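Student: This is the structure I want to talk about, given as structure tokens.
Please treat every number below as a calculation from the coordinates, not as lab data. Bear in mind that the values here come from a model prediction, so they are computed numbers and not experimental data. Note: ideal-geometry Cβ built from the backbone for every residue, glycine included; neighbour counts use all protein chains shown.
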Amino acid sequence: MDRQIVLLQQDQNGGRQEYIDYLKGASILSIVLFHLTWCYMHAVPSAVQTVTGIFSHATRLFFFCSGFGLYYSHLRHPLSYPVFLRRRMLKVYLPYIAVIVVCAFVPFTYAYDDRFSAFLSHVFLYKMFIPRYIQTFGPFWFMSSIFQYYLLFYLLIRMKEKLDNDRMFALIWAAVSLAYCILGWRIPAIEQTLGWVYGACILMHGWAFVLGMLTAQKLYRSRMVSISVKQLLTGFAVSVPVYLMIRMTSPIMNEIPRAVLLMCVLTGFWAFCGSALRRFFAWLGTFSFEWYLLHMLLLEAVFRKAHPQHLADQCVVGAAGLLLTGFAAWAYHRLIVLIEKRNRSRTVR
């Protein structure tokens, strides 16, 4: 019962962490399956949608992974704020905008007359403040959130250093997220007016990013991060009843317990699934960002073309769409890596 499950081990060369890549891979597959069953495979049983509905909170695990990756990199090789932002823009912003440029020319991605204004809201990153634009061209509210973290990352580091108390830092952000959810629950007009802008705010899910930062610090200081079977089971024992109880009040209040439950499920799977499956999901994680960018655009195109009506047909088309989007994401990732290598070689010369 007290057996330790090693999740992270420090690599002197700063190599990738398989557990983090695994979480990214499992999370993006969860999100794609969620969108498949809720947006396109309407003939699937409601029980399937109930299960995949939990997957919608897999984005919180991406915030956890981002917090971990950014802070672990900062601890190992601190950068000035301008250099940090420039690298984020090159690595994240440009691949994202390249997809938006394609979406802007595809008719079914936007139904209104102000397509160019919607496009500019992505380019200049102000869509995060406008409910009408935040979900244009696809479920890109996540990009509004992640750019907020990039802009405020050094303020979060400063806050952490000023507090000089990691437990307090985590509790403050958990309390902020909880209070923000309660505000939306008790005053429904706020969420109804702001829509996805409300959910994209870092006050909603900052707790996950901060938890990732603290995990990175533990790895940096202790050289290893592990969890016991007892702790994992305790996470299940607490998150399941809390999730079942709170879901009766308001979906907003499920913010923390649903994400914690999903992390417990995926961590438990990591512990007992075997090395082959671990490596497979970790491989998916290497191009998870590109899969996120492309999957809705390609799934929409596939289902519009095939237009399946019955469950069997939808399953076949869904499986084909899953493979197509995965392959396209991998190819896009390889293209980005190739461009990055060429740019680095030119810089060296």
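Student: Report, by chain and number, residues whose modeled amide H sits under 5 Å from the one on L79, excluding near sequence neighbours (fewer than 5 apart, same chain).
Tutor: none
Student: Can you give the relative contact order of the chain as a percent, counting alpha carbon pairs under 8 Å and 6+ residues apart? Walk me through the numbers on the way to the answer.
Tutor: Values: 373 pairs, mean separation 113.0, N = 349.
Over the chain, the number comes to 32 percent.
Student: Using only DSSP helix segments of four residues or longer, with each worth -39500 (n - 2.57), what per-residue ellipticity at 222 nm results for the chain after dividing by its residue count and rounding to 500?
Tutor: Details: 16 runs with 255 residues, N = 349.
After summing the helix terms and dividing by residue count, I get -24000 deg cm²/dmol.
Student: If amide H atoms are built 1.01 Å from N in the plane of the peptide, which residues on other chains or at least 5 residues away come under 5 Å of the amide H of S228?
Tutor: I5
Student: Where does the charge balance sit around Q17 when Lys and Arg score +1, Asp and Glu -1, over other residues with C-beta under 15 Å from its C-beta? Working shown, then result.
Tutor: Working: positive: R16, K24, R76, K218, R223, R278, R279; negative: D11, E18, D21.
Once positives and negatives cancel, what remains is +4.
Student: Which of S145, S222, S27 moves the most in a Gaussian network model of the chain with Cα springs under 10 Å?
Tutor: Among S145, S222, S27, the largest GNM mean-square fluctuation belongs to S222.
Student: Okay, moving on. If you build a Gaussian network model of the chain, linking Cα atoms that sit under 10 Å apart, which residue out of I336, I100, I20 swings the most?
Tutor: In the Gaussian network model the winner is I336.
Student: Among F289, H42, I336, flag the residue with its Cα farthest along the positive direction of the charge dipole of the chain, charges on Cβ as +1 for Lys/Arg and -1 for Asp/Glu.
Tutor: I336
Student: To continue, here is another question. Pull out a ≥ b ≥ c, the square roots of the eigenvalues of the alpha-carbon gyration tensor of region 1-98, then state rounded if a/c is under 1.5, prolate if not and a/b is larger than b/c, and oblate in the remaining case.
Tutor: oblate
Student: What residues qualify as long-range amide H neighbours of S250, i.e. H under 5 Å apart, gap of 5 or more or another chain, H built at 1.01 Å from N?
Tutor: It is none; the list stays empty.
Student: Are there any chymotrypsin sites (Phe, Trp or Tyr not before Pro) in region 100-136 that are in a DSSP loop and have at most 10 other Cβ atoms within 10 Å? List them by number.
Tutor: Numbers: sites: F105, F108, Y110, Y112, F116, F119, F124, Y126, F129, Y133; in loops: F105, Y110, Y112, F124, Y126, Y133.
Here the sparse-neighbourhood loop sites are F105, Y112, F124.
Student: Something else: What whole-number distance in Å separates the alpha-carbon centres of region 270-321 and region 32-91?
Tutor: 15 Å
Student: For the chain, set up a GNM with springs between Cα atoms under 10 Å and report which of Q17, Q217, Q309 has the largest fluctuation.
Tutor: Taking springs between Cα atoms under 10 Å, the residue moving most is Q309.
Student: Note down the magnitude of the dipole of the chain about its Cα centre, charges +1 on Lys and Arg C-beta and -1 on Asp and Glu C-beta and zero elsewhere, to the nearest 20 debye. Walk me through the numbers before you get to the answer.
Tutor: Values: 33 positive and 15 negative charges, 224 e Å.
Here the size comes out at about 1080 debye.
Student: For L75, what charge total do you get from the other residues with a beta carbon under 15 Å from its beta carbon, if Lys and Arg give +1 and Asp and Glu give -1?
Tutor: So the surrounding residues net to +3.
Student: Rounded, prolate or oblate: which fits the chain, taking a ≥ b ≥ c as square roots of the Cα gyration tensor eigenvalues, rounded meaning a/c under 1.5, else prolate when a/b beats b/c?
Tutor: Numbers: a/c = 1.27, a/b = 1.14, b/c = 1.12.
Because its axes are fairly even, with a/c under 1.5, the chain counts as rounded.
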